[in-house]
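Enquirer: The structure is given below, and queries will be raised subsequently.
Where a number appears in this text, it was derived from the coordinates with a stated rule and is not lab data. Quick caveat: nothing in here was measured; it's all calculated off a predicted structure. A quick note on method: Cβ atoms are made from the backbone with ideal geometry, for glycine too, and the neighbour counts reach across all protein chains shown.
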Amino acid sequence: MRAEDRSTRQEELAGWPVRITTHRIGEIYYTSVDNVDPGATIARASAPSREEAERVAVEKARARLASTRRMTAE
């Protein structure tokens with residue numbers, strides 16, 4: 001099977017820039033959310049519809065990012 005119906009977009013969640021990538025393999029959509037600069041995955045989800053997979057992954061990422069402390073340089 002191949003990944004099909006791929007889309008990527010950038011948004012801001014909880015004050016952090018993120019990239020949301022979704023693709024379909026067979027009947028299931030897979031979404032991953034990563035922080036743009038180093039590209040580390042923050043959250044993943046899979047579901048039968050694109051909307052549901054993205055909603056779940058974004059919810060997880062938003063919760064994780066909201067609890068992340070930001071360090072300021074002084």
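Enquirer: Express the relative contact order of the stretch 4-66 as a whole percentage, based on alpha carbon pairs under 8 Å and six or more residues apart in sequence.
Expert: Values: 122 pairs, mean separation 16.5, N = 63.
It comes to 26 percent, rounded to a whole number.
Enquirer: Test of understanding: extend the Cα→C-beta vector of Ile25 to 7 Å, then name every residue of the stretch 43-74 with backbone N under 20 Å from that spot.
Expert: Residues passing the 20 Å test: 43-58.
Enquirer: I need the phi-derived Karplus couplings for the stretch 55-64: 6.51 cos²θ - 1.76 cosθ + 1.60, θ = phi - 60°, integer Hz, Gly and Pro marked x.
Expert: For the stretch 55-64, the Karplus-derived couplings read 4, 5, 5, 5, 4, 4, 5, 4, 5, 5 Hz, x marking Gly and Pro.
Enquirer: Run the dipole for the chain about the Cα centre, Lys and Arg Cβ at +1, Asp and Glu Cβ at -1, nothing else charged, and hand back the magnitude in debye, nearest 20. If you can, show how the numbers build up before the last one.
Expert: On the way: 13 positive and 12 negative charges, 29 e Å.
That gives a dipole near 140 debye.
Enquirer: What order do you get for 23-30, 34-41, 57-64 when each peptide is scored by the mean count of other beta carbon atoms within 10 Å, highest first? Write down the numbers at each step before the final one.
Expert: Working: 23-30: 14.9, 34-41: 11.1, 57-64: 18.2.
Ranked from most to least packed, the peptides come out as 57-64, 23-30, 34-41.
Enquirer: With equal scatterers on the alpha carbons only and no solvent term, can you work out the Debye log10 of I(q)/I(0) for the chain at 0.24, 0.26 1/Å?
Expert: Once normalised to I(0) and log-transformed, intensities are -1.04, -1.17.
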